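Here is the structure we will look at.
The values are calculated or read from the model by the stated rules, or taken from the named source; none is laboratory data. Everything numeric in this text was worked out from a predicted model, so none of it was measured. All Cβ positions, glycine included, derive from the backbone under ideal geometry; neighbour counts span all protein chains shown.
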Amino acid sequence: MITLHHLNNSRSQRILWLLEELKTPYEVAFYERDKVTVLAPKELKNIHALGKSPVITEGDATMAESGAIIEYLVQTHGKEFYPTPGTEQHRQYTYWIHYAEGSLMPQLLIKLIFDKVKDSPMPFFIKPIAKMIANKVINSYAGPNIKTNLEFIEQHLSKNEWFCGKNISGADFQMSFPLEALVAREGANHLPNITKFVKKFQARPAYQKALEVGGEYDYA
């Protein structure tokens, strides 16, 4: 049986949603973030050396990284979410599976980190300098890159119901986390196609069931 090692408020939620869509038997091992550091607990290192979530185990196999987990699950348990190799849909699938964490998430994380820098407690004489540096990084690097990426995604979704066309695929599960986090944190009224995509998958019964199973999750 598949075991999902699930951390609250994490990328693990999209794997839980996929498992519900697959309707394959699974169980969940729950882990809670440290209340002070907001990091994953050290117990996760007993499952995988990096101590991150999501991680799944099945038999003697242990799999980490969202994209790798999604690839494994759709190819072994849910071929309906895996486009036929050699097709344009499969090429799109491969692209978006890698794009989510390779291109989009790093920019969102940079902005998140420097936003936190601006609000972090620090000596009063350092704060203006820290804010200036943070604003410089956001305004000259992360912000423009995020804008370009979101315009790119918005245009793609204006022509496609799901990321690979008419049918939902593993790529949509992979893209769900950064986009719903973006909508929850900053709003996306100026991005109607992204907003529509997020609302559409959040309305699916399997997604709703995953929320019930997974517990605390701020981005739904």
Residues of region 61-78 satisfying the condition of being out of contact with any strand residue (DSSP E or B) (no Cβ under 6 Å at 6 or more places or on another chain) and either under 17 Å from Ser176 (Cβ atoms) or in a helix (DSSP H, G or I) (or both) | Glu65, Ser66, Gly67, Ala68, Ile70, Glu71, Leu73, Val74, Gln75, Thr76, Gly78
Taking the condition at pLDDT below 95, in a helix (DSSP H, G or I) and more than 24 Å from Ala220 (Cα to Cα), does Lys111 pass?
-> no
In the set Gly86, Gly170, Gly187, the lone residue that is small (Gly, Ala, Ser) and farther than 23 Å from Asp218 by Cα is Gly86
Selection status of His90, more than 25 Å from Arg185 (Cα to Cα), touching a helix residue (DSSP H, G or I) at 6+ places or on another chain (Cβ under 8 Å) and surrounded by 14 or more Cβ atoms within 10 Å (Cβ to Cβ) = no
Scope region 79-108; condition at pLDDT 95 or above, charged (D, E, K, R) and touching a Ser or Thr at 6+ places or on another chain (Cβ under 9 Å); matching residues | Glu101
Taking interchain pairs and intrachain pairs at least six residues apart, which have beta carbon atoms under 6 angstrom, with the first residue in region 177-200 and among the aromatic types (Phe, Trp, Tyr) and the second in a helix (DSSP H, G or I) and at pLDDT 90 or above?
-> Phe177/Arg14; Phe197/Leu157
Any idea which of (1) assigned to a loop (DSSP other than H, G, I, E, B); (2) surrounded by 18 or more Cβ atoms within 10 Å (Cβ to Cβ); (3) not charged (D, E, K, R) is the one Pro85 doesn't satisfy?
-> (2)
